[in-house]
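Below: the structure, in structure tokens.
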Amino acid sequence: MKTDSLGIVEARNKLGTLVARAVHGHEITLISRSAGERAVLISEADYEELLSARRELEAGQVRDAIAARERGELRLHRYESRDDVYADFGLPAPGERA
């Protein structure tokens with residue numbers, strides 16, 4: 001599978017071609033705006049396939065966790081409120097600023 005890497009200006013100038021290559025050739029294009037800001041252009045079909053694979057992986061993790069719980073290997077934690085969940089993970093509650 002071929003992967004191109006382009007800056008955002010060049011990608012913008014070639015967008016029609018890049019979309020056609022993604023859709024018909026399943027080619028991947030990495031688009032960079034800066035060192036820390038990158039995106040990937042892929043076809044919708046490839047995106048759906050990735051989402052499906054992710055859902056399967058997550059479902060497997062849930063099945064594994066349920067099996068571990070049934071074997072007594074996993075202790076469940078009960079939270080009293082949604083804010084307690086956010087606090088436990090070190091996240092700001094909805095509406096709060098980080």
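Data for the structure
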read-out	value
All positions within segment 82-98 that are in contact with a helix residue (DSSP H, G or I) (Cβ under 9 Å, 6 or more places away or on another chain) and either small (Gly, Ala, Ser) or on the phi > 0 side of the Ramachandran plot (or both)	ALA93
Members of segment 17-76 that are among the β-branched types (Val, Ile, Thr) and touching a residue at least 24 places away in the same chain (Cβ under 8 Å)	ILE28, THR29, ILE31
Only listed residue being modelled with pLDDT of 95 or more, surrounded by 11 or more Cβ atoms within 10 Å (Cβ to Cβ) and within 19 Å of the chain's Cα centre (by Cα), chosen from GLU44, GLU49	GLU49
Any hit, segment 11-32, residues being of a type in the set (D, E, K, R), part of a helix (DSSP H, G or I) and within 17 Å of the chain's Cα centre (by Cα)	no
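The values are calculated or read from the model by the stated rules, or taken from the named source; none is laboratory data. As the structure is a prediction and not an experimental result, all values here were calculated from the model. FYI the Cβ positions are ideal-geometry reconstructions off the backbone, even for glycines, and counts take in every protein chain you see.
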